[in-house]
Structure formats: structure tokens, C-alpha cells
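The values are calculated or read from the model by the stated rules, or taken from the named source; none is laboratory data. Please read these numbers as outputs of a predicted model, since none were measured by experiment. All Cβ positions, even for glycine, are placed from backbone atoms using ideal geometry, and neighbour counts span all protein chains on display.
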Amino acid sequence: MDLLIVGSGFFGLTIAERAASSGRKVVVIDRRHHIGGNAYSEDEPETGIEVHRYGAHLFHTSNPTVWEYVNRFTTFTGYQHRVYTNHRGVVFPLPINLGTINQFFAAAYSPDEAKVLIHELAGEFDVKSAVNLEEKAIALIGRPLYEAFIRDYTAKQWQTDPKNLPAEVISRLPVRYNYDNRYFNDTWEGLPTQGYTAWIERMADHPNIDVCLGTDFFDESQPLHKAATVGEVPIVYTGPIDRYFDDSEGALAWRTLDFDQEILPVGDFQGTPVMNYADADVPFTRIHEFKHFHPERADRYPTDKTVIMREFSRFAEHEDEPYYPVNTADDRARLLAYRELAKGEKDVLFGGRLGTYQYLDMHMAIGSALSMWNNQIA
Ligand code: FDA
């Protein structure tokens, strides 16, 4: 073995594929029973509908190197992501755009009229002196839109009143003064034509790559554990950085999600892939309806059944899946301490969203793995 990779998400698999293609023998271990990390998807057995097991994953990028690389393993559909939100029983388009504003105020403002209106409403607070998330959001978009679309949704995401969240949690709240409600504005966007798992399996399908599933790096009863491998073989570690050092500098805080999946006996539940629920009286943040991610599969998917998934957000306990870094000032100080410790680890590189304590989109995880390969390993 020339290289041990801990974690088979997009970061680990990109390094594995590059190393294997350049003639290195690679072993990838993952403590889960499937490869692909959080991008893993599977066909729900009763309906055959592809379900994203760890939350909806939409691929988008403006990075030509990443786009060329991912197209070696999969083609992409022409899917374009759009999100709607239910506020007091009325559905509005997101991100906030002229359609949202005109529907909310029951008006027909032109772009310039809407800009003047939002500017006037936003005058209640100043962005620079805002002391919490609520004041900052009001300074950006005004109180009415904030209270309808941001306040309760943010409170549900963070289990915290936005008055008690730091202003830095949001840097901007984009308002579009036209009717464009495409969610992403990247050059390329789409979903893997044959699904995420087919894409991920193709990356790992190389005679120089061995994958060991159900194998935890910290489980000393299996041969490729930490104490037996560090210093013996080069390692790329994509698990949580704090866990690697036994939480010695304190645990880094994460938010996690709970998913409640249901098969419904209707052909179409909500008419769109993602519906947010903006209000406090609905406990979940959004509902995904997976068949709508693949309209081109209409002839394969059942017309009398659908799979929906309600998403609930909360702070992660120690055993929960870490999803989004909380990133308080304490967390940032701990991360710096862990980075110092990481520098001292012989032949161990830390990467990916868990290894660097950062939210990374898939294209960012793949792009940073390609950079690590080119600059530090190859
Ligand atoms: P990832 O978490 O995928 O992989 C790490 C792997 O390491 C896991 O398989 C884990 O089991 C393994 N591991 C950890 N500790 C271990 C140990 N001790 N021993 C062995 N294995 C261990 N991105 C995007 O572009 N579009 C989107 O729409 C979304 N949507 C989205 C929704 C949600 C809810 C989340 C949380 C994230 C997204 N993402 C996303 C981001 C996407 O999931 C992310 O870019 C990739 O998961 C990053 O891949 P990594 O390889 O870094 O981590």
C-alpha cells in the first residue's frame, strides 16, 4: 500500500482516483457501510425513486477543472434548482426576488420601485452597527420580508432566536430585482444522470484501489487503525479533525439534521423538489420530494406513489452526524489549535469538510482534493 485514505466521500475518492491512476496502490477505509460520504444516494426499494440519504445534493460549479474532471465519471442532466417557501399557507418563490416582493405586498412594483421600497424599509438599522443577526437582516432587507421569510426559518435552523445569533452568521441576503428564481448562478449545474452512487462507484473502480467499508480508523481491533498506520504509511484523513486528536482542544460544534421519510400514495405531493416552511408553527424546515429531481425519469418512476422527506435541524450531540459547522469564536480558536497539531503529524494530510471543519460544496471538496493531489502528494 502506498497511501491510506480515511473516508470515501468526494474528497477521499478524488485523491484515491488520482493516486491510483498514477500507479499508486491505495486503500480507502470508511466507517460507514457504503462509499460516497454524504453524497450517497440509493433507490428507495418500494418505488425505485432515488433518495439522497444525507439530504438533497445538487451539483453546480463554475470551476472548469472540476467540471472536466467530474465528467470523466458521469454525465449530468439539465436539472436547474429552484426553491419555494410556504409562509402562512401561501407559497412564494425564493431567493427573494421581484416575484416574492410583488406577491408579498400584493403589488406590481418595477425593479426600481422595489429597490426604493426595500431601501426605505432597511433604514431601520445600519448594517455596520447591527449587533445581532436580526438587526443585520433588517438592515439588509427590511422588517416585513425578514419577519416573513428569515426570522422563524433561521430560528428553526439554529434552535436560537436570531436576536441571540451573531450578525456574522449572514454576510448578505441577496434580493433579486427581477423574476429570476434559479437558486444557483454557476456556469454548470445538473444531477448525475445515473445517480450519485453510479458516479461514486466509477471513481473507486480501479484495480489499484481497495475499499474497506465498516472500518473505523479509531477501532484498534482492525488492522488499519490510527496507532498501527501513522508514520508507517502516508495518510489522507477526511474524518473530523477534533476526533483525530481525541478532542484534546475541545470538541468542535456542529449542527445536524434529522430526516423523516415517508412514501405517500399520491403521484405528486408538492409539485416541486424542495418546499421550505418559513413559519415557527411548523417544526421542520423543508420537505424534499425526490422524484422531481429527475423529471426525465418520469417513465420509470411510479405515477401513484412518491417519496418525501421532512428535514429537522438541531445542534449535534457527540454521536450525531456532523453536518454544518457552528463556527463560534470558541470553535475558531479550537480549530487553530488543531491545525497546529496537524502540522506535527508525520505524513498525515487533513482534508475535506470534516478534516478542515468547513462547509464545502461537492465541487469545492473535489477542487480542494485535486489541489492537494497536485501540490502536496503527486
Ligand atoms: P464526506 O462527509 O462526504 O465524507 C467523509 C467520509 O469520512 C464519510 O463517509 C465518513 O463516514 C468517513 N469517516 C469519518 N470518520 C471516519 C473514521 N473514523 N474512520 C473511517 N471513516 C470515517 N454540496 C453540494 O455541492 N450541493 C448540495 O446540494 C449539497 N447539499 C448538502 C446537504 C447537506 C445536508 C449537507 C450536510 C451537505 C451538502 N453538500 C452539498 C455538501 C457535500 O455533502 C460535501 O461537499 C461532501 O460531503 C464533501 O465530501 P467529503 O469527502 O469532504 O466529506
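Quick rundown of the values:
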read-out	value
Residue list for segment 131-157, filter: in a helix (DSSP H, G or I) and β-branched (Val, Ile, Thr)	Ile138, Ile141, Ile150, Thr154
Filter result for the condition that a residue is surrounded by fewer than 16 Cβ atoms within 10 Å (Cβ to Cβ), near the ligand (Cβ under 10 Å from one of its atoms) and under 27 Å from Met203 (Cβ atoms), over Gln376, Gln358	Gln358
Identity of the residue in segment 361-370, near the ligand (Cβ under 8 Å from one of its atoms) and of a type outside the set (A, V, I, L, M, F, W, C), that ends up nearest to Phe245 (Cα to Cα)	Asp361
Looking only at segment 13-67, and only at residues there that are part of a helix (DSSP H, G or I) and aliphatic (A, V, I, L, M), the one that is nearest to the ligand (Cβ to nearest atom)	Ala39
Every residue from segment 80-130 that is at pLDDT 95 or above, closer than 20 Å to Asp152 by Cβ and among the aromatic types (Phe, Trp, Tyr)	Tyr84, Phe92, Phe104, Phe105
Residue list for segment 158-203, filter: touching a residue at least 40 places away in the same chain (Cβ under 8 Å), within 17 Å of the chain's Cα centre (by Cα) and part of a helix (DSSP H, G or I)	Trp158, Tyr196, Thr197, Ile200
Of the criteria (1) more than 23 Å from Thr328 (Cβ to Cβ); (2) touching an Asp or Glu at 6+ places or on another chain (Cβ under 6 Å), which one Ile141 fails	(2)
Count - residues of segment 327-350 that are within 16 Å of the ligand (Cβ to nearest atom) and farther than 16 Å from Leu252 by Cα	3
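The rows are residues; the columns are (1) out of contact with any strand residue (DSSP E or B) (no Cβ under 7 Å at 6 or more places or on another chain); (2) in contact (Cβ under 8 Å) with a residue 60 or more places away in the chain; (3) among the aliphatic types (A, V, I, L, M).
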| residue | (1), (2), (3) |
| --- | --- |
| Phe290 | no, yes, no |
| Val307 | no, yes, yes |
| Asp320 | no, yes, no |
| Pro325 | no, yes, no |
| Lys346 | yes, yes, no |
| Gly351 | no, yes, no |
| Gln358 | no, no, no |
| Ser371 | yes, no, no |
